[in-house]
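Q: Have a look at this one before I ask anything.
The values are calculated or read from the model by the stated rules, or taken from the named source; none is laboratory data. Here the structure is a predicted model, which is why all the values come from computation and not from measurement. Cβ placement follows ideal geometry from the backbone for every residue including glycine, while neighbour counts extend to all protein chains displayed. Areas reflect the complete protein model, heavy atoms only, side chains present, ligands, DNA and RNA absent. Shrake-Rupley method; radii C 1.70, N 1.55, O 1.52, S 1.80 Å.
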Amino acid sequence: MGLLNLIWSSFPALLRGTVVTLELTLAFLSLGLIIGISLALSRVYGGQVLAKLASGFEQIFRGIPALVLLFLFYFGAAEFGINLSVVTAAILAMGLRSSAYQSQIFRGAIQSISSGQMMAARALGMNLYKAARYIILPQALRFSIAPWSNEYAGVLKDTSLCYAIGVVELMRQGRYIVARTFGHSLLIYILIAVIYFILVYIGLKGLRLLEIRLHVPGFETKRNGLERI
Amino acid sequence: MFQVLKQKEMDLKGFDMSNNIILRVEDLHKVYGALEVLKGVTFSLSKGESKVIIGPSGTGKSTLLRCINRLTQPSSGRVWLDDVEVTDHKANINQIRASIGMVFQDFNLFSHLQILDNVRIGPMKVKGMSKEEATKLAMEELANVGLADKVKAYPAELSGGQQQRASIARALAMNPKLILFDEPTSALDPELIGEVLTVMINLAKDGMTMLVVSHEMGFARSVADEIIFLENGVILEEGPPNQLFLHPKHNRTAEFLHKITELYGETVK
């Protein structure tokens with residue numbers, strides 16, 4: 001009875017935490033998507049300078065632990081007189097970090113598109129922007145869904161690190177409940193683990209459905225056209 | 001200096017007008033590192049004319065085509081389309097390319113788009129045509145190449161011959177001044193070559209200006225006005241098909257024609 005009561009009374013706080021976790025995930029992934037695609041395009045089609053800059057940016061954000069990035073953007077920036085709110089600092093640190101990883105996904109996908117596609121687009125009179133926008137990206141993004149689902153799962157789970165700079169997300173709500181109720185850590189952390197698992201699970205299912213929905217003949221998502229080889 | 005240039009330009013334009021010349025290629029060179037692929041190629045194409053470029057592999061045929069719409073940057077020399085200098089770096093190359101159709105050996109249809117979208121995307125996104133207008137045009141062009149019933153198919157669902165016909169429709173929908181064909185039948189199974197050649201022959205007969213890299217002598221003999229024999233980056237010989245077949249000036253020409261006729265036969269009589 002006591003345990004059920006605890007779960008029941010923790011529910012509103014965990015729900016609020018879950019909403020914040022989802023908001024953070026959405027913000028990180030969106031920022032990462034926009035900058036990630038730009039980085040990938042810069043690396044493939046940009047001039048030497050742009051490609052080098054993009055590559056350097058990726059090296060930096062992939063080479064530093066997420067927790068260190070969070071501390072740098074929150075505590076570090078404050079020392080320069082830049083006082084970011086915890087959420088802003090988190091979005092910058094984790095969004096930019098995600099963009100560096102997403103860029104690799106998109107770059108790989110763009111480079112897997114046959115060069116004849118770009119040639120045909122340019123031969124029609126499309127400029128580089130139109131060719132990328134209408135011909136290359138629609139194909140590359142289809143190829144990106146599967147690897148991108150990894151990034152989704154990683155980013156969602158890594159929102160829990162924002163706990164360390166004081167963002168009141170799911171993990172921190174859990175800590176509050178554990179502190180308030182003295183003990184019951186196991187139960188609360190299991191609850192939190194289940195919530196993360198469900199969020200990741202639903203998202204991955206959704207992305208898989210998207211992949212199937214956007215499937216185009218010739219971009220096989222099922223068995224590569226081979227039956228039980 | 002300026003006056004001289006001006007004079008030269010006027011001369012060229014005058015020349016264009018009197019001979020109805022659409023394409024002029026002047027002393028075109030292309031160098032890759034130490035390798036000179038094109039060593040000064042000069043020829044021209046009049047409105048409604050079809051010329052076929054033949055030559056051994058690796059001799060610069062595809063490079064030559066790509067230099068014409070600058071998909072490959074020529075090292076030197078000049079290309080004129082009507083009175084616009086294609087090789088002028090201030091020229092609007094996208095606009096020029098929009099008026100030069102190109103058909104590739106591997107079709108290069110846009111894999112993620114249905115056939116209808118493949119054909120109407122150029123008119124819509126490059127020329128700014130409305131969707132209704134572009135759709136109507138695309139349907140007409142697809143009907144002309146016998147693909148009216150395939151508009152909803154994706155490229156991967158079509159045979160090679162159908163894909164190549166669709167890519168010809170895509171080029172035609174841009175209403176080009178000329179079409180470049182880069183070995184349009186080389187990637188096709190033998191029984192599919194005929195349907196593509198038939199479309200090309202009808203195009204030539206309808207007065208389309210065409211520059212075709214191909215070893216299909218059937219096409220060359222039935223509609224080509226001239227055959228250009230390119231070897232080692234230079235034009236070795238150029239003339240009407242019958243002249244090249246019956247009275248070639250060079251032994252090499254006779255030898256090569258003999259070889260490809262034997263190899264490819266004549267798909268279209």
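Q: Shielding by partners for B:117-129, please: the mean number of other protein chain Cβ atoms within 10 Å of each residue's Cβ. Before the final figure, lay out the partial values.
A: On the way: counts 1, 1, 0, 0, 6, 6, 1, 1, 10, 7, 2, 0, 0.
Counting Cβ atoms of other protein chains within 10 Å of each residue's Cβ and averaging gives 3.
Q: Please identify the chymotrypsin sites (Phe, Trp or Tyr not before Pro) of region A:116-200 that satisfy two criteria: DSSP loop assignment and at most 11 other Cβ atoms within 10 Å. Which are they? Mind showing how you got there, number by number?
A: On the way: sites: A:Y129, A:Y134, A:F143, A:W148, A:Y152, A:Y163, A:Y176, A:F182, A:Y189, A:Y196, A:F197; in loops: A:F182.
Taking region A:116-200 and a limit of 11 other Cβ atoms within 10 Å, the loop chymotrypsin sites (Phe, Trp or Tyr not before Pro) found are A:F182.
Q: Once each part is reduced to its C-alpha centroid, what is the distance from region B:148-177 to region A:167-207 in angstrom?
A: Their Cα centres are 54 Å away from one another.
Q: What is the antiparallel percent of DSSP beta bridges lying wholly in the protein assembly as shown, to the nearest 5? Present the calculation step by step, with values, prior to reporting the outcome.
A: Numbers: 21 of 37 bridges.
Of all bridge pairs located within the protein assembly as shown, approximately 55 percent are antiparallel.
Q: Return the calculated 222 nm mean residue ellipticity for chain B, to the nearest 500 deg cm²/dmol, obtained by summing -39500 (n - 2.57) across DSSP H runs with n ≥ 4 and dividing by the residue count.
A: Numbers: 10 runs with 113 residues, N = 269.
Roughly -13000 deg cm²/dmol at 222 nm, from the helical runs in chain B.
Q: Under a GNM of chain A (C-alpha, springs under 10 Å), which listed residue has the highest mean-square fluctuation: A:A90, A:A140, A:A131?
A: Residue with maximal mean-square fluctuation among A:A90, A:A140, A:A131: A:A131.
Q: State the number of lysine pairs found in chain A whose Cα atoms come within less than 29 Å, restricting to pairs 8 or more positions apart or on distinct chains.
A: Step by step, the pairs that qualify in chain A add up to 4.
Q: Round to a whole angstrom and tell me the spacing of the C-alpha centers of region B:104-143 and region A:63-142.
A: Region B:104-143 and region A:63-142 have Cα centres spaced 31 Å from each other.
Q: Amide H to amide H, which residues 5 or more places from B:I235 or on other chains are under 5 Å from it, using H placed in the peptide plane?
A: B:T42
Q: Other chains' Cβ within 10 Å of B:102-108 residues: what's the mean?
A: Details: counts 5, 2, 4, 1, 4, 2, 9.
Going residue by residue through B:102-108 and averaging, the value is 4.
Q: Need one number: nm distance between label points at A:N83 and B:V31, each 7 Å from Cα along Cα→Cβ, rounded to one decimal.
A: Label-label distance for A:N83 and B:V31, simple model: 6.5 nm.
Q: Sticking with this one: Placing unit charges on C-beta atoms (Lys and Arg positive, Asp and Glu negative, everything else neutral), compute the dipole magnitude of region A:2-226 about its Cα centre in debye, rounded to 20.
A: Rounded to the nearest 20 debye, it is 500 debye.
Q: Could you go through region B:172-186 in sequence order and give the Karplus-derived ³J(HN,Hα) for each residue, using 6.51 cos²θ - 1.76 cosθ + 1.60 with θ = phi - 60°, rounded to whole Hz, and x for Gly and Pro?
A: Once θ is set to phi - 60°, the couplings for region B:172-186 become 5, 4, 7, 6, x, 7, 8, 10, 9, 10, 9, 6, x, 10, 5 Hz.
Q: Kindly express, to the nearest 10 degrees and within the range 0 to 90, the angle between helix A:185-213's C-alpha long axis and the longest C-alpha principal axis of chain A.
A: Taking the Cα atoms of chain A, the angle to A:185-213 is about 20 degrees.
Q: Please give the residues from region A:109-123 for which the solvent-accessible area of heavy atoms, probe 1.4 Å, is smaller by at least 30 Å² with all protein chains in place than with the chain isolated.
A: Relative to the lone chain, where solvent access is computed with a 1.4 Å probe, region A:109-123 loses at least 30 Å² at A:Q117, A:M119, A:A120, A:R122, A:A123.
Q: Can you send over the carbon and sulfur percentage of the accessible area for the protein assembly as shown, probe radius 1.4 Å, protein chains only? All intermediate terms of the calculation are to be shown ahead of the outcome.
A: Numbers: 14010 of 24200 Å².
That share works out to 58 percent.
Q: Could you tell me the relative contact order of region A:2-226? Use alpha-carbon pairs under 8 Å, at least six residues apart, and round to a whole percent. Show your work: numbers first, answer last.
A: Numbers: 228 pairs, mean separation 60.5, N = 225.
With pairs under 8 Å counted, the relative contact order is 27 percent.
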